[in-house]
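These notes are about the structure you will find just below.
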Amino acid sequence: MRVRSLLLAVPIAAVLMTLALGRAEAHAVLLEAVPTPGSTVAGPDVAFALRYNARIDHERSSVMLIGPDGSEKKIDLVTEGVRPEVMRGDLTKLAPGKYRLRWQVLAVDGHITRGDVEFSVRAP
Ligand SMILES: [Cu+2]
């Protein structure tokens, strides 16, 4: 009886530990952004980079640019030579005004997180 409950207890403990570890593994949290949130940068071309605390699935992560007029545009991400926890892209022909980078990221733990980075563009 004792051996039997021990045999059962071990796999259950293993499953519980896996669940606990899986939960401990963070979703993607934005650690650093360029442009810095709230900053003003010179236009018309602005390179951006978003760095997270975890590796992200670039195929299933995306960035939209929301313009001063509220228009939304999906941004092509640069994938070559980019670290696994970074999303990078180039914004071009930006008129002066307020913009938002709306990101949605799938982390390797399978969880999606979202957020906005606001910045302003001034004339060069
Ligand atoms: Cu998660």
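Here is the figure for region 29-64: residues that are buried (at least 16 other Cβ atoms within 10 Å of the Cβ) and modelled with pLDDT under 95 total 3. Hey, does region 62-78 have a residue that's within 16 Å of the ligand (Cβ to nearest atom), under 19 Å from Leu30 (Cβ atoms) and either touching a His at 6+ places or on another chain (Cβ under 6 Å) or not basic (Lys, Arg) (or both)? The answer is no; no qualifying residue exists. Looking at Pro44, Pro124, just one residue is in contact with a Ser or Thr (Cβ under 9 Å, 6 or more places away or on another chain) and in a loop (DSSP other than H, G, I, E, B), and that residue is Pro44.
Please specify each residue of region 105-121 satisfying the condition of being part of a strand (DSSP E or B) and either touching an Asp or Glu at 6+ places or on another chain (Cβ under 9 Å) or away from the ligand (no atom under 16 Å from the Cβ) (or both).
Val105, Leu106, Ala107, Asp116, Val117, Glu118, Phe119, Ser120, Val121
If you take the residues in region 75-101 that are surrounded by fewer than 16 Cβ atoms within 10 Å (Cβ to Cβ) and of a type in the set (D, E, K, R), which one is modelled with the lowest pLDDT? Only one residue tops the list, namely Glu80.
If I ask for residues that are more than 16 Å from the ligand (Cβ to nearest atom) and either of a type outside the set (A, V, I, L, M) or without any contact (Cβ under 8 Å) to a residue 24 or more places away in the chain (or both), which ones from region 85-102 would you list? Passing the criteria: Arg88, Gly89, Asp90, Thr92, Lys93, Pro96, Gly97, Lys98, Tyr99, Arg100, Arg102.
The values are calculated or read from the model by the stated rules, or taken from the named source; none is laboratory data. All values reported here derive from a predicted model rather than from experimental measurement. Glycine gets a Cβ as well: all are built from the backbone with ideal geometry, and neighbour counts include every protein chain shown.
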